[in-house]
Every structure is written in C-alpha cells, then in structure tokens.
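Notes to accompany the following structure.
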Number of protein chains: 2
Amino acid sequence: MLEIPNRDRKRERRESVRVEILEAAWTLARDHGLPGFTLREVARLVGMQAPSLYTHFDSRHAIIDAMFGQAWRECGLAMEAVAPEHPLPARAWLRLAAHSYFDFCTSDPVRNQLMNQRSVPGFVPTAESYAHAVAVLEMFTSGLATYSVTRREDIDLYTALIGGLVDAQLANDPGGDRWRRLLDRSVDMYADNVGL
Amino acid sequence: MLEIPNRDRKRERRESVRVEILEAAWTLARDHGLPGFTLREVARLVGMQAPSLYTHFDSRHAIIDAMFGQAWRECGLAMEAVAPEHPLPARAWLRLAAHSYFDFCTSDPVRNQLMNQRSVPGFVPTAESYAHAVAVLEMFTSGLATYSVTRREDIDLYTALIGGLVDAQLANDPGGDRWRRLLDRSVDMYADNVGL
DNA sequence: GTCTATACACCGATAGAC
DNA sequence: GTCTATCGGTGTATAGAC
C-alpha cells in the first residue's frame, strides 16, 4: 500500500504548519499580550495571508484553545519528575512539585495568564484541551495521596498556596525571585499544618 | 464673588458625567468582560456619541485607569474595619483582614481581574491610581506591624496566601465558597508559622 | 485542497463644523 | 461640549483561482 505513507506525509505537513502557526502566535502573544496578537500578524509571520489560517484553525478561539492545551501538556511534561514512580520523603516531594510548577508558570507570564486566569472573555477551553489541565491537577492529587493527603480541603489549600505565590511573583516582581524564595518555607508551613 | 460657585457647578457637572461614564463601563465590563466593553456601547448607555467620551477621558486606557483607582479606593473603604484604631488580638485581626479583602475581591470577578491581574495588555496604572492600591497594601503592613510582624518575607507570604485563595475561588468555584471556607484555617496556619 | 482576493461589520481614535 | 464624518485597523467569512 502506498496510500498510507502519502496520507501520513500530508498529515505531517499539515501538522507542521499548525505548529508553525502556534509558534508565531506564542511569539506575538509574548510581545503584545494575549488579546493583542492578531490573525494578520500571525499570518504574516508564517508567510501566509490571514484568511489562509482558517484552513488550519476554525477561528481565533481555536488557536487560543490549541495554545491552552499545549501549555498544560508542556506543564505536565515539565512535572514528569513529580510522577509517582519517583518515591521521595513527603516534604521533599512537596518541594519538588512546588518548584517544578512554580518555575514553569513564572517562566512565561503570558502563558500563565492563559493557563490560570480567565483572561480571554469568550474563551472556554474544549474538553480535549481542558483534559491536559486536569491531568496536571491529577499529578498533584495522586502525589499527595501517596502521603495520605486525600481530603479535598488539604489539596485545595496546597494548590491555592502555590498558585498564590506564582501570581504574586508575576504581578509584583516579574523576572525576580522575591516570592520564589518563599516556596520552601511555604511548603514547610503547609506540611506542618496537614501533619506531614 | 460669583465666579467660584459657577466654576464649582461646572466641576460638579463634569464630575457627575465622569461618574456616569464609569458606571456604564463597569456595567458593560461585568457583562462582556474587561476587554469586551467598547466605547460605543459606553457612549450609548450614557446617551452620547462615542467621540464625545474623549471630552471626559483621554482614551479607553484612561477610563480603565479611573476604574482601577476607583476599585482600590473602594477596597480601602471596605477594609476600614481593619484600620489600626481597632485593637484586636493578633489572630482575630488577621482573620478580619483576610475576610474583608477576600469578600471584597470575590464579590466582583471583573473588578478583581482589573485590580490584581495584568489583564489589559497596554495598561499601566498612573501614579495617582496606583497610590490607592499602595494604600491598601499599607493597611496590611501597618496592621501586621502592630503585632511585630515587620519582615518583608512575612508580609509577602501573607499577601500571597490570601491572594492565592481569592484567585483559586474565582477561577475554580466562582460564586461558591470552596476556598472561602479555608480562610480561617489558612490564617491559623500562617500565624503558627510566624509565631503569633 | 490550499491559497489569494475581497467584503463585512466593528473597533479606538481624530478632525472639524456648530 | 457635542456632533458628524472618517481613518486605519481588527476578526470573520466567502468566492474563486490554481
């Protein structure tokens, strides 16, 4: 059969164009903010006319949705070291998880805005993209469960604590480490509270 | 002298128009999101043509800046009960401050987005508007100082903790109380950590 | 199938008449 | 101070060339 390889080539080509478009979108978003990047600029950056983008994405929201999914998927990869197959003492794991997530989020303010803040008015992630976000939360919950932290309030407190440090860092000291330096102390504070 | 009262009347009239414009902007922002409200809709709501708004505000950003200052000023008023002239035991004060701020922020998601997240790409608050935000932070720092909490790290941890709960509540359970119920516990956790 | 060309309705902002 | 007219820009969509 020759058809399958041909189809694959085509799919690959299409996929690479999609990736190219997304990279252009990220570049522009980092420069002009998330609501600031325009389809015409994205098209210009990849050497197309604006309407041609609609061949690869149904709408501007679809591009943003793909970026959302991509961001959370990469977050999951960045947190691979936190996966349950690496057994650690409780506080060491809490620290590792916190640092992995914190560093990933603060390394790209615009990406964090898309991931964690409802910053694009009409945008609601598709189920497929949202699944990647749920997967990351699942890494936290299953990791905590390893140390018998299973109550929802305990999990909620941990995510709010780390998320608060991320937001404070990005909002008040972007590029610095004023709140990053509070990570370990925050983890200990939390561990004391839940009795770890 | 008759001139002064006339001038005052004029100033009052102008000021009331400004307030009317801001109220319309808030109404639309709550409905369509912060980037969603348009000058044409604001104008229509106050019975003007869009360009006439430029008589009262220099730009769309200027309207947003006024909203920013207004929001933080109202936040300061809502936290009057936390002012240092009301002596309280340390943890009682921490709880009161946390609840006042939390309830104010979560009662209006769009307002919180404007206050605490860099959600409008080109927007940087003017010094005058930003001063109102600094004043609220000052209420926290001076309040904490009452209980000999003066180290910057301790203050930063407190603000990040409360802010994290606010953001988690708004992002994951808007209108609910899933993270609000963690406020008192969080305050105790913090108080334990700083030795109060 | 993929792209170019073009149109639409809307946006923030400005110029100038009254 | 408010208006009309208008500018260059936007996201979106369709028609039609190759």
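The values are calculated or read from the model by the stated rules, or taken from the named source; none is laboratory data. If you're wondering where the values come from, they're calculated on a predicted model, not measured in any experiment. When we count neighbours, we look across all protein chains shown, and the Cβ atoms used for this are built from the backbone with ideal geometry, even at glycine.
Taking the range B:86-196 and the helices (runs of 4 or more DSSP H) fully enclosed by it, the elements with 3 or more residues that are polar (S, T, N, Q) are at B:109-116, B:127-146, B:152-172. Taking into account only those residues within the range B:13-38 that are of a type in the set (A, V, I, L, M) and free of Cβ contacts under 8 Å to residues at least 24 places away in the same chain, which is nearest to DNA strand C (Cβ to nearest atom)? Going through the qualifying residues, I end up with B:Leu28.
Residue by residue, here is whether (1) within 16 Å of DNA strand D (Cβ to nearest atom); (2) not assigned by TED's automatic domain parsing to the domain that holds B:Asp184 holds:
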site	(1), (2)
B:Gly47	yes, yes
B:Arg73	no, no
B:Pro89	no, no
B:Gly122	yes, no
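Of all the numbered requirements in (1) surrounded by 16 or more Cβ atoms within 10 Å (Cβ to Cβ); (2) within 14 Å of chain B (Cβ to nearest Cβ), A:Gly122 misses one, and that requirement is (1).
Determine if the range B:28-38 includes at least one residue that is more than 14 Å from chain A (Cβ to nearest Cβ) and either within 14 Å of DNA strand D (Cβ to nearest atom) or buried (at least 18 other Cβ atoms within 10 Å of the Cβ) (or both).
Filtering the range B:28-38 for residues more than 14 Å from chain A (Cβ to nearest Cβ) gives none.
No, the range B:28-38 contains no residue that is more than 14 Å from chain A (Cβ to nearest Cβ) and either within 14 Å of DNA strand D (Cβ to nearest atom) or buried (at least 18 other Cβ atoms within 10 Å of the Cβ) (or both).
Pick from the range B:60-88 the residues that are modelled with pLDDT under 95 and surrounded by fewer than 18 Cβ atoms within 10 Å (Cβ to Cβ): which of them is farthest from DNA strand C (Cβ to nearest atom)? Looking at the filtered set, the residue picked out is B:Pro87.
When we screen A:Phe57, A:Phe104 for residues that are out of contact with any Cys (no Cβ under 8 Å at 6 or more places or on another chain) and buried (at least 19 other Cβ atoms within 10 Å of the Cβ), the only hit is A:Phe57.
Of the residues making up the range A:1-27, those that are β-branched (Val, Ile, Thr), modelled with pLDDT of 85 or more and surrounded by fewer than 14 Cβ atoms within 10 Å (Cβ to Cβ) number 1.
Taking residues in the range A:47-66 that are away from every other protein chain (no Cβ under 14 Å), and partners anywhere that are away from DNA strand C (no atom under 11 Å from the Cβ) and of a type in the set (Ser, Thr, Tyr), the pairs with Cβ atoms closer than 7 Å and at least 6 places apart or on different chains are A:Asp65/A:Thr126; A:Asp65/A:Ser129. Only one of the numbered conditions (1) modelled with pLDDT under 95; (2) within 22 Å of B:Leu183 (Cα to Cα); (3) within 20 Å of the chain's Cα centre (by Cα) is not met by B:Arg111, and that is (1). Here A:Ile162 clears all of (1) touching a Leu at 6+ places or on another chain (Cβ under 7 Å); (2) more than 7 Å from chain B (Cβ to nearest Cβ); (3) within 13 Å of B:Tyr158 (Cα to Cα) except the condition numbered (1).
Take A:Arg40 and tell me if it is of a type in the set (Lys, Arg), in a helix (DSSP H, G or I) and either more than 22 Å from the chain's Cα centre (by Cα) or at positive phi (or both). Reasoning before the result, please.
On the way: of a type in the set (Lys, Arg): yes; in a helix (DSSP H, G or I): yes; either more than 22 Å from the chain's Cα centre (by Cα) or at positive phi (or both): yes.
Spelling it out, A:Arg40 is indeed of a type in the set (Lys, Arg), in a helix (DSSP H, G or I) and either more than 22 Å from the chain's Cα centre (by Cα) or at positive phi (or both).
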